[in-house]
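Enquirer: Mind having a look at this structure? Questions to follow.
None of the figures in this text is laboratory data; all of them are computed from the coordinates on show. In this text the structure is predicted, and so the values were computed from the model without any measurement. Using ideal geometry, Cβ is built from the backbone for each residue, glycine included, and neighbour counts are taken over all protein chains shown.
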Amino acid sequence: DLKNESLPEPEAPLPPDPRLPLDPWQKFYLEKSWKTVARNIDKAGMIMFVKLLRDYPEIQQKWPQLKHLTDEEVTKSVYLMNLATRIFDTLDHAIDSLGDLDYLIPLLKRLGQMHADMKIMDPEDIW
């Protein structure tokens, strides 16, 4: 009896949201590759920040909590570890929320405005 019954056609995928500048494959690869980072999120965050501050020491000078630290002190800084963890947790949340841009876009705009109001870094520093 089962041989005579046909399966229903699967639903067509939703068209990509034009607000997300990624095609479906790019989104898929971003989400999957991020899982590798997320497994060691604290370590990845510290590695990224230590490298950033070594490559661009002028950025370190903009943070009052970091500007007087040596390279070795930076790598052991509890402040930097907490900052890296918060930022990478936010990236994790953003990547997990790529499927809900109505939620994600306002969240990122608020976060961006909050950082602009802090006046610690210039937009050029982020790039």
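Enquirer: For D117 and K62 in the same chain, what is the full-extension length gain: residue separation times 0.36 nm, less their Cα-Cα distance, in nm?
Expert: 18.4 nm
Enquirer: Which whole-number percent of Cα pairs in the chain have a distance greater than 21 Å?
Expert: 56
Enquirer: Express in nm, to one decimal, how much length is gained between L98 and D23 on full extension, taking 0.36 nm for each residue of separation and deducting their alpha carbon distance. Before the final figure, lay out each step's value.
Expert: On the way: separation 75, 0.36 × 75 = 27.00 nm, distance 1.19 nm.
Extra length available between L98 and D23 comes to 25.8 nm.
Enquirer: While we're here: At 0.36 nm per residue, and after removing the present C-alpha to C-alpha distance, how many nm does the segment from V78 to S33 gain when stretched out fully? List each step's numbers first, then the result.
Expert: On the way: separation 45, 0.36 × 45 = 16.20 nm, distance 2.73 nm.
Roughly 13.5 nm would be gained on extension.
Enquirer: With the dipole of the chain worked out from charges on the C-beta (+1 for Lys and Arg, -1 for Asp and Glu) around the Cα centre, which of P10, Q26, I59 lies farthest toward the positive end?
Expert: Farthest along the dipole direction, towards plus: I59.
Enquirer: While we're on this one: With a 10 Å cut-off between alpha carbons and a GNM built on the chain, which of A116, A38, A12 moves the most?
Expert: Top of the fluctuation ranking is A12.
Enquirer: Under the Karplus relation 6.51 cos²θ - 1.76 cosθ + 1.60, θ = phi - 60°, what is the ordered set of whole-Hz ³J(HN,Hα) values for the range 77-93, x standing for Gly and Pro?
Expert: Values per residue, Gly and Pro as x: 5, 5, 4, 5, 4, 5, 4, 4, 5, 4, 5, 5, 5, 5, 4, 4, 5 Hz.
Enquirer: So what are the ³J(HN,Hα) numbers for the range 101-115, from phi and the Karplus equation (6.51, -1.76, 1.60; θ = phi - 60°), rounded to whole Hz, Gly and Pro as x?
Expert: Per-residue couplings from phi come out as 5, 5, 8, 5, 4, x, 4, 5, 5, 4, 5, x, 5, 4, 6 Hz.
Enquirer: Among residues other than G45 whose Cβ falls under 13 Å from its Cβ, what is the net charge (Lys/Arg +1, Asp/Glu -1)?
Expert: +1
Enquirer: Oh, and also: Within 14 Å, Cβ to Cβ, of P18, how many net charges do the neighbouring residues add up to if Lys/Arg are +1 and Asp/Glu are -1?
Expert: Here the charged neighbours net out to -1.
Enquirer: Under 29 Å from the Cα of K51, which lysines turn up, not counting those fewer than eight places away in the same chain?
Expert: Within reach: K27, K32, K35, K43, K62, K67, K76, K109, K119.
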